[in-house]
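Engineer: The structure's right below; bear with me while I get my questions together.
The values are calculated or read from the model by the stated rules, or taken from the named source; none is laboratory data. What you see is a predicted model, and the numbers here were worked out from it, not measured in a lab. Neighbour counts are summed over all protein chains in view; Cβ atoms, including those assigned to glycine, are modelled from backbone coordinates with ideal geometry. Surface accessibility is based on the protein's heavy atoms, side chains included, excluding ligands, DNA and RNA. Shrake-Rupley method; radii C 1.70, N 1.55, O 1.52, S 1.80 Å.
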Amino acid sequence: MHEDHKDINNFKSFNEFFREDSIIDYKQIFKEHKDYFERAGYKLDGHDMKNMFLRECLRRFVQLGEVERVYDILDQLHILQYNEYLDKVKREFNKFDPSKKWLKRLKKVYFVQHRGTQDERSFIIYPHSNFMENFLDSDYREFPIGWSNLEEMIQKFDQNKHDIWLGQPTPMGDLKSIINPPLKFPILFFEKDDTEDFQFFNYYKVAWKSRWDDITFDEIGRSAASLLDTSLYKAFPELNIISATPYEGEECKGYMLIDEEIPDVELLEPVRLNEHKRIRKLLEVSDKNLILLVKPFTLIAYGFKVKTNYEMLTGIFIKFKNKLSWHCSMESIPLFQSDNFQIKLPVVDKKDSDSIDRAIRTVFKKTSQLITNKDITLLNKLVLTAQEQKKGTILVILEKEIAMAEATRLTQSSTLIKPKKLNIQLLKRLSGIDGAIILDTKGNCHAFGVILDGRITKGDPGRGARFNSAHRYFRTKEEKEVPCVLLIVSEDGHVSILPEEFEN
């Protein structure tokens, strides 16, 4: 990430700084504290040791009244803070997003110190950036009173239109005993992703702003859930305990809906969610078509819902996978999953993702329209949504001109639309009826509810009508040397790929 910073770093390195200085004897200070550092378990070249060492130097410069040297030490502490936070961002984002998509989108990380009073405003930014320095020296004069406007103002200065995360300023409290502590805060620049449709991402961003300085980001995930739904946040401890509770030696698997509606099977004696063994027993009865109902806020199980095929569920849907593992979705949109108390974003199956990537890039390698990572990401998200929906669908992917021609040719057996970029919500609606969806390599939909045609060929009776229909259509296009990829999602979530050579 920091490699993307184009501006020169104006700060001296830790070792260079101390070789040049001669006001105090750094070697003597280090010698005096070496035993303490070692007893505390600090590595001599580690962040903790450098922090302790710098604080001792800062204390001595304050006593000597060396203001310039005080700021020099604050510069060095600033560098350490940046490096420590960069490490933490990598570690914690990888935990929250195992696919590493967020980290790939993270283009710049800045760490800012605000020193002095409002009238004697001094912003110091690391790494040095002409863009940020120009912004901080511009018309912005009201820190910290106008803090709520700062993110909006940075957005105006940002020509690349990033998604900017701005942490709330917090004092460097560990310096209180030495000086009036500066404020510190990070600024993260993410590449925008128009295909990103995870609702939980936005809630996580809001929660991060006030908790960016936590030792870990574990609680940020739970805070994001509280912004999504307070009942869900209250249910977290109970859901974890229930997921870890076996029934007759079997791990927990079952289905729960936190919502208020008329039950198809009503419990005469409701059960509180914190009655873990009784709830676990009720979950043993549940399946994907018989879902345990829990009232919001009170968190009381009051009956079961009989789910009809393809019915869209409202409320918070919980699917228990196994011990300490459960997934959360809303209206068939995956929100997050909890594994061993760690909140994570939902992940597209890596095997399916890799296979789709290879198929698209190989089949359309000679196309005039460049296929980007963003295009592949969108297609994978659409497949994930179709898998979660449990209805199944067929995505027919063609070059733009061919997709338009095919949609027109099949007008009598489809619904033709003006090309529209698909997203998760739109896919869910369009796949609600039978038939395939024709789209181009950029994810633009040209027709839905398509009844595919094709020359009669020998099919596979074991694969079902959806697969055989797709197979006939694909073979006809293959004979005509028309580049084409079909993604067939069955009702059980299995993904078949044509050409078959790319299937797992």
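Engineer: Roughly to the nearest percent, how much of the accessible area of the range 219-324 is carbon and sulfur, given a 1.4 Å probe? Spell out each step's value before the answer.
Structural biologist: Working: 2850 of 5350 Å².
Taking all protein chains in place, the range 219-324 shows 53 percent carbon and sulfur surface.
Engineer: For VAL265, VAL396, what's the largest-to-smallest order of accessible area, 1.4 Å probe? Working shown, then result.
Structural biologist: Working: VAL265 70, VAL396 0 Å².
The ranking, largest first, comes out as VAL265, VAL396.
Engineer: Mind checking the full-extension length gain between LYS366 and VAL306? Use 0.36 nm per residue of separation minus the Cα-Cα distance, one decimal, nm. List each step's numbers first, then the result.
Structural biologist: Numbers: separation 60, 0.36 × 60 = 21.60 nm, distance 4.96 nm.
Full-extension gain reported as 16.6 nm.
Engineer: To continue, here is another question. For ILE451 and GLN168, what does the FRET efficiency come to when R0 = 60 Å and r is the distance between their Cβ atoms, rounded to the nearest 0.05? Mind dumping the intermediate values first?
Structural biologist: Working: r = 55 Å, r/R0 = 0.92.
Working from the Cβ atoms, E equals 0.65.
Engineer: On full extension of the chain, what length is gained from THR314 through VAL482, given 0.36 nm per residue of separation minus the C-alpha to C-alpha distance? Before the final figure, lay out each step's value.
Structural biologist: Details: separation 168, 0.36 × 168 = 60.48 nm, distance 4.14 nm.
Computed gain between THR314 and VAL482 is 56.3 nm.
Engineer: Could I ask something else about it? Give me the Å³ per residue figure for the convex hull around the C-alpha atoms of the range 275-365.
Structural biologist: Values: hull volume 13.0 nm³, N = 91.
About 143 Å³ per residue, rounded to a whole number.
Engineer: Keeping every protein chain in place, order THR385, THR372, THR245, THR308 by accessible area at 1.4 Å, biggest value first, i.e. largest first. The partial results should precede the final answer.
Structural biologist: Working: THR385 0, THR372 50, THR245 25, THR308 85 Å².
The most accessible residue leads, giving THR308, THR372, THR245, THR385.
Engineer: With each pseudo-label sitting 7 Å past Cα toward Cβ, what's the ASN340-GLU501 distance in nm, one decimal?
Structural biologist: 4.0 nm
Engineer: Something else now. Apply 1/(1 + (r/R0)^6) to the Cβ-Cβ distance of GLU260 and ARG222, taking R0 = 22 Å, and write down the FRET efficiency to the nearest 0.05. Kindly include the intermediate steps, with their values, before the conclusion.
Structural biologist: On the way: r = 23 Å, r/R0 = 1.05.
That gives a FRET efficiency of 0.40.
Engineer: Leaving ligands and nucleic acids out of the surface, order ARG472, ARG455 by accessible area at 1.4 Å, largest first. It would help to have the intermediate numbers written out before the result.
Structural biologist: Details: ARG472 75, ARG455 120 Å².
Listed by decreasing accessible area, they come as ARG455, ARG472.
Engineer: Moving to a separate point now. I'd like to check one number: the per residue accessible area of the range 168-323, probe 1.4 Å, reported in Å² as a whole number. Walk me through the numbers before you get to the answer.
Structural biologist: On the way: 7660 Å² over 156 residues.
That works out to 49 Å² for each residue.
Engineer: Further question on the same structure: Distance in nm between label sites at ASN94 and GLN412, each 7 Å beyond Cα in the beta-carbon direction?
Structural biologist: Those two pseudo-labels are separated by 5.8 nm.
Engineer: May I pose another question? Run the quick spin-label model on LYS374 and TYR233: label points 7 Å from Cα toward the beta carbon, then report their separation in nm to one decimal.
Structural biologist: Label at LYS374, label at TYR233, 3.3 nm between them.
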